[in-house]
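Worksheet: one structure, shown below.
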Amino acid sequence: MNKENPTSLIVIFGATGDLAQRKLYPSIYRLYKNGSISKNFAVVGVARRPLSNEEFRANVTKSVSSAANGEGNAEEFSSHFYYHPFDVTSSNSYQQLKDLLGSLDHDYETNGNRIFYLAMAPEFFGTIASNLKAEGLTETAGWKRLVIEKPFGHSLPSAKELNEEIREAFHESEIYRIDHYLGKEMVQNIEVIRFANALFEPLWNNRYISNIQITSSEVLGVEDRGRYYENSGALRDMVQNHMLQMVALLAMEPPIKLNPEEIRSEKVKVLRALRTIEQDEIENYFVRGQYGQGVIAEDTVLGYREENSVDPDSNTETFVAGKLVIDNFRWAGVPIYIRTGKRMYSKSTKIVVQFKDIPMNLYYNLGEKVDPNLLVIHIQPEEGITLHLNAKKSGKDITTTPIKLDYSNNCIDGINTPEAYERLIYDAMRGDMTNFTHWDEVALSWSFIDQVSKAWESKKASDFPNYEAGSTGPKKADELLEKDGFHWWPV
Ligand code: NAP
């Protein structure tokens, strides 16, 4: 196998859906255009509605048109696509798919390598995996891999059930659980910033860091995903996966090697060290919120309970703030605050590492306050790093002024950061599992999150809606930090 220019058939279940059209096809197109994948590939799109290959290819061409930017090879790309109308539960459908894969494998010389990408509602994941095995689609001369979208379960018991189902058909080393945050340039950069800079690694502990803040805020509301969101909420949709993955990367010990097993083993230790939140202490650690009406870009927008497919009396949280405590030597006494929400005043994902104050402020007698040093990692939409320092204010007097050292990925000419999905599909094709979530991480994250959701489900939030659309979230989220003597840094 050529590891750098992998060859494979990619079967996408849910080929007519939003994810496939908006993210997967443009990402595969970019890999094709920049020569990352071999020309020996074919994609089989699978979904319910009847479409011919021609109709499907026209849809694919359309969805890659902005990535193709008039280059004229979008049609050549789409000629690698085939459509298979399909019913998830019919064994006949799988048999026909098996025949199609056999003939494409021969035509495109893909060595029997197969990726099964499940871009469908999670209730189908188990059924598809079992049928792929039962109908012989996983018996192939090459490798087989299952790429699976979030959400992976709804709680630890449901995630375990799903895992057992898919493990009947695929080995753990063949299961690529997507957390698209792990495909983001600056999330991958956390490791490099920490482990390739003598300036940071010695300070990366409770002697020098006072707290860490991770914010992921959206301006959009729930849009047309009300039905899904009502069963999920911000805790399951964002915290169980993306936020806890960022926490693990920020807090893990240096792995002995940069390979998937060693990195995972260090991330797992962080998740194991997360202090379990007891039911009666939930209010000391977590705050939930739900947006009400508000004004965004001069337009009045609906509150969550007025959105489509949302219960007018909904108890679902659209905002979560939490204080995480990692009970280990490195992090004892350093709170990690997380915050995520919809309909907030800005779209931004940022990590702020706040360093402790210097032991003695020589400028204090001069009536000067010296700001703490901050390392800000901008994940999206900006990508970069800002270091907040103090320097001398220009002039005759010795007074201080805060300064910022900025590094922005977006400002560098010629840098076109690959989309998260582009990177992840490429990694799945090469068999690199580093940026996918292992079952051990999923299980530990759910067991932490289940404690919070149990406490919340046992008691209806009496103050919902408790933040205005277009704001920074509920007041209680500010109080969570204030009682520890901190405040959220603006994002
Ligand atoms: P979607 O737009 O609702 O698409 C669902 C797909 O499944 C369609 O292609 C649909 O095809 C197919 N389908 C539904 N029922 C079927 C059945 N009984 N048999 C065969 N095919 C069936 O969903 P999506 O937004 O693309 O999301 C797909 C998955 O990705 C979900 O797990 C979601 O949580 C996850 N995800 C999505 C996004 C995103 O940005 N959209 C982001 C992260 C994760 P037909 O209509 O033709 O049947």
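Descriptive notes on the structure:
- Just one of the listed residues (Glu281, Glu262) is of a type outside the set (Lys, Arg) and under 21 Å from Asn189 (Cβ atoms), namely Glu262.
- Taking the criterion of being within 16 Å of the ligand (Cβ to nearest atom) and more than 20 Å from Met429 (Cα to Cα), the residues of region 39-56 that qualify are Ala47, Arg48, Arg49, Pro50, Leu51, Ser52, Asn53, Glu55, Phe56.
- Qualifying residue in region 243-253 (condition: open to solvent by 20 Å² or more (accessible area, probe 1.4 Å) and either more than 25 Å from His180 (Cα to Cα) or out of contact with any Cys (no Cβ under 9 Å at 6 or more places or on another chain) (or both)): yes
- Test: residue in region 65-83 that is away from the ligand (no atom under 14 Å from the Cβ), among the charged types (D, E, K, R) and either within 20 Å of Phe125 (Cβ to Cβ) or not in a loop (DSSP other than H, G, I, E, B) (or both): yes
- Restricted to strands (runs of 3 or more DSSP E) entirely inside region 370-441, those with at least 1 residues that are under 27 Å from Ser346 (Cβ atoms), open to solvent by less than 30 Å² (accessible area, probe 1.4 Å) and in contact with a His (Cβ under 8 Å, 6 or more places away or on another chain) are 374-380, 384-392.
- Residues in region 17-33 that are small (Gly, Ala, Ser) and assigned to a helix (DSSP H, G or I) were compared, and the one that is nearest to the ligand (Cβ to nearest atom) is Ala20.
- Screening region 286-339 for residues that are in a strand (DSSP E or B) and of a type in the set (Lys, Arg) and picking the one that is nearest to Glu230 (Cα to Cα) gives Arg288.
- Of all residues in region 178-201 being in contact with a Phe, Trp or Tyr (Cβ under 8 Å, 6 or more places away or on another chain) and closer than 18 Å to Glu266 by Cα, the one that is farthest from the ligand (Cβ to nearest atom): Glu201
- For Ser36: the one exception among (1) more than 16 Å from the ligand (Cβ to nearest atom); (2) crowded, with 20+ Cβ neighbours inside 10 Å; (3) among the small types (Gly, Ala, Ser): (2)
The values are calculated or read from the model by the stated rules, or taken from the named source; none is laboratory data. Computed from a prediction, not measured in an experiment: that's the story for all the values here. Glycine gets a Cβ as well: all are built from the backbone with ideal geometry, and neighbour counts include every protein chain shown. Note: areas computed on protein heavy atoms with side chains; ligands, DNA, RNA excluded. Shrake-Rupley method; radii C 1.70, N 1.55, O 1.52, S 1.80 Å.
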